[in-house]
Amino acid sequence: MPTASSLLEAFGNNFPGLTQFLTMLAYGIGLWSGVSTVCLLQRRLRSDGSATLGAIIVRAALCATCLYLPTAVSSAQETFFASPTILSYSVGSAVSAPGHIVLDVVIRFVQLVGLWAFLWGGVLLNRAHGRGHYDPGLGSKAVAHLVGGIFCINIIAALQMVAQSFGLEDLLNYLLVAGG
């Protein structure tokens, strides 16, 4: 009879493949946006009013971000957390052996969702500028996805930041020890 812990462990074994899929998807989005940038630039040079300069710049930035995804994530980590690497952790004294498996899978799942949110934020930002006029609702949603994705990718540092803000460091260290 499978337990919840064994099911989560089996689910966690698929994460490397899912991460590779998201990276492949990012490269595809980057190639598409590069070709689309060139097409928009040609339309702009022909004095066609449908291609704005903002749309061209955002689409070129999306191309660069997706084609250089590891570097983009590292730069965003450096900007938000003053370290280009994702923090490691060790379990605290309150976590049992099955709890360690569950905690590891949950943290890796949050990091995977963060990578997806980061990519989706870039696509939303592109869509906010790509329709000839800037859509402020879509633009703010895109920025929220980008920032939230970075916080989820480095969930350990984000948890430390929240714990220090509210004085909950002891509780966090009881469950997770950052840098372990």
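The values are calculated or read from the model by the stated rules, or taken from the named source; none is laboratory data. Just so it is clear, the structure is predicted and the values come from calculations on it, not from any experiment. Please note: Cβ atoms are built from the backbone with ideal geometry, for glycine as well, and neighbour counts cover all protein chains shown.
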Residues 114, 130, 99, 139: which one is out of contact with any Asp or Glu (no Cβ under 8 Å at 6 or more places or on another chain), under 24 Å from residue 14 (Cβ atoms), of a type outside the set (Phe, Trp, Tyr) and buried (at least 16 other Cβ atoms within 10 Å of the Cβ)?
114
Among the residues of segment 26-50, how many are farther than 30 Å from residue 113 by Cα and either of a type in the set (Val, Ile, Thr) or surrounded by 20 or more Cβ atoms within 10 Å (Cβ to Cβ) (or both)?
2
For segment 45-72, give me each residue that is at pLDDT below 85 and not small (Gly, Ala, Ser).
48, 52, 53
Reported set for segment 143-160 where residues are over 21 Å from residue 19 (Cα atoms) and within 14 Å of the chain's Cα centre (by Cα) is 143, 144
Log entry, pairs with first residue in segment 69-92 being touching a residue at least 24 places away in the same chain (Cβ under 8 Å) and part of a loop (DSSP other than H, G, I, E, B), second being surrounded by fewer than 15 Cβ atoms within 10 Å (Cβ to Cβ) and not aromatic (Phe, Trp, Tyr), beta carbons closer than 7 Å, six or more apart or on different chains, reads 87/179; 88/179; 88/180
